[in-house]
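Chemist: Quick one: the structure is below, and I'll ask about it shortly.
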């Protein structure tokens, strides 16, 4: 039985067992959510890296799989945030090696579709929420800068961004599922 305590002790052999047991499950979980092999592989690798880096902060009352999937969900959200702007997605798709052939074309098409869905979701946001989201994600403004610009509290900005991301995720999952 795999235990959190063994992982917290830093045993690399044990970590390899965790990786072997959960990598495929995690990969297919993310693939199901995103329909992108590229995103699934990237997020799975990033989740395991984060699991190893944060192993000392794991809670022994929760199973490894619960904590790993929680980490993966957070990493996926961060990953989608990073590539939520049109320019970032386009840049990532242009960086894909053309020699990958048909798979590359399929991935580009999926990426373009994901980009389209994200932009649709952003356009459906209420006006103020959309403005706050765009100031944060497209203009790179901090919560404090947005709050000062709009004469609202930082907490209000956080709430708008949280609700915008929630609405975007819901829009994407409805389309992808």
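Chemist: May I ask you to compute the full-extension gain from residue 150 to residue 124, defined as 0.36 nm times their residue separation minus their alpha-carbon distance, rounded to one decimal in nm? Don't jump to the answer; show the numbers that get you there.
Modeler: Values: separation 26, 0.36 × 26 = 9.36 nm, distance 2.05 nm.
Full extension of this stretch gives 7.3 nm more.
Chemist: Label residue 169 and residue 139 with points 7 Å out from Cα along Cα→Cβ: what is the distance between them in nm?
Modeler: Distance between the two pseudo-spin positions: 2.6 nm.
Chemist: Once label points are set 7 Å from the Cα along Cα→Cβ at both residue 116 and residue 56, what is their separation, rounded to one decimal in nm?
Modeler: The answer from the label model is 4.8 nm.
Chemist: While we're looking at this one, here's another question. Roughly speaking, what is the centre-to-centre gap between region 116-177 and region 1-61 when only Cα atoms are used, to the nearest Å?
Modeler: 29 Å
Chemist: A further question follows. Using R₀ = 22 Å, calculate the FRET efficiency as 1/(1 + (r/R₀)^6) where r is the Cβ-Cβ separation of residue 13 and residue 77; round to 0.05.
Modeler: On the way: r = 31 Å, r/R0 = 1.41.
In this case the efficiency is close to 0.10.
Computed from the coordinates by the stated procedures, all read-outs in this text should not be read as laboratory data. In this text the structure is predicted, and so the values were computed from the model without any measurement. Backbone-built Cβ (ideal geometry, glycine too); neighbour counts: all protein chains shown.
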